[in-house]
Amino acid sequence: MTLRVKFWGVRGSIACASPDHMKYGGNTSCIEVQAGDHRFVMDAGTGIRNYGKVILENDIRRTYLLLTHTHWDHINGFPFFTPAYDPRRSITIMAGHLKNQGGVQNVLSTQMHNPMFPVPLEAMQAQLEFKDFEAGEDLVLFDDLTIRTAPLNHPNGSTAYRIDHDGKSVVYVTDTEHIPGKPDQNILKLIEGADVVIYDSTYTEEEFPEKIGWGHSTWNAGMRLCQAANVGQLAIFHHDPEHTDDVMDDIAAQAKAEWENTFVCREGMDITL
């Protein structure tokens, strides 16, 4: 029994298709989790288009999609998620920030309304189920899998997820903005003792002061949280589109020099705990 994570999209804000973004990848947020025989996916950025091919190739009939939030870079791959158009598939879509704001179905439907998109949500023939919850609640997808959640500091809200399976744990913490000198207690509680924490590291420390209020953090802040909470490894995630491969190489080197238990997420990276 293992806990496996594959990164289908690691970029933040907007997808980047350029020669300068090949090493780390240009697709936006999408992470596959495999826990024993169970599979599900977190966020529906542009990376989910390629993950959809895996579902069809392996004839996976039941899919769960957990959304951190519904800003464009985390949902604009959803209209291109091919399994959603297949009547043989069942897809449950969950979000923790919209329960009192019209619900996640309304947001995904609006994204596909005229004149923004030519194909409406109703064209998706899969059995779609939409579930809204409050960030902070525990989720039950499978009997042998625990999923805890926590609210994050982000405009319009965002949800962090912790997955525990067979003694291993991974936490997905994006998008969130830290307050200098004031560690986020919601995050600290959620990540305590985790094996891997995937953390919003959009900005460098030098860039951060000009971006206050935009809802993102730095790898330095993530490192401090992980060290305080006895986390095994920090995964640097949600790369700024202005951060080319050369910039990301520099960030990787700086982070590794500061704390050896760090790595920078790359599209296609596959880790097993």
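Taken together, the values in this text are just the output of simple stated rules run on the coordinates, not laboratory data. Being a predicted model, the structure only gives us computed values, none of them experimental. Positions of Cβ are backbone-derived with ideal geometry, glycine not excepted, and every protein chain shown enters the neighbour counts.
With a Förster radius of 45 Å applied to the C-beta separation of Ile212 and Asp37, the computed FRET efficiency comes to 0.55. In units of the rule-of-thumb radius 2.2 N^0.38 Å, the chain shows an alpha carbon radius of gyration of 0.94. Taking N as the number of residues in the range 121-273, what is its alpha-carbon radius of gyration divided by 2.2 N^0.38 Å? Cα Rg divided by the expected 2.2 N^0.38 Å: 1.09.
Taking the three principal axes of the alpha carbon atoms in the range 34-174, the coordinate ranges are 45, 37, 21 Å, sorted in descending order. Computed extension length for Met269-Met116: 51.9 nm, one decimal, from 0.36 nm per residue of separation with the Cα-Cα distance subtracted. Once both labels are positioned 7 Å from their Cα atoms along Cα-to-Cβ, the gap between Asp143 and Ala123 label points is 4.1 nm.
Taking Cα pairs under 8 Å and at least six residues apart, what relative contact order does the chain come out at, in percent? Mind dumping the intermediate values first?
Details: 654 pairs, mean separation 52.1, N = 273.
Relative contact order comes out at 19 percent.
Each peptide in 64-75, 96-107, 18-29 gets a packing score, the mean of other Cβ atoms within 10 Å over its residues, and the list from highest to lowest is 64-75, 18-29, 96-107.
Proximity of backbone amide H atoms, modeled 1.01 Å from N, is registered between Leu128 and Ile91 at under 5 Å, excluding neighbours fewer than 5 places apart on the same chain. Take the Cα of Asn58, step 7 Å toward its Cβ, do the same at Asn156, and the gap between the two points is 3.0 nm.
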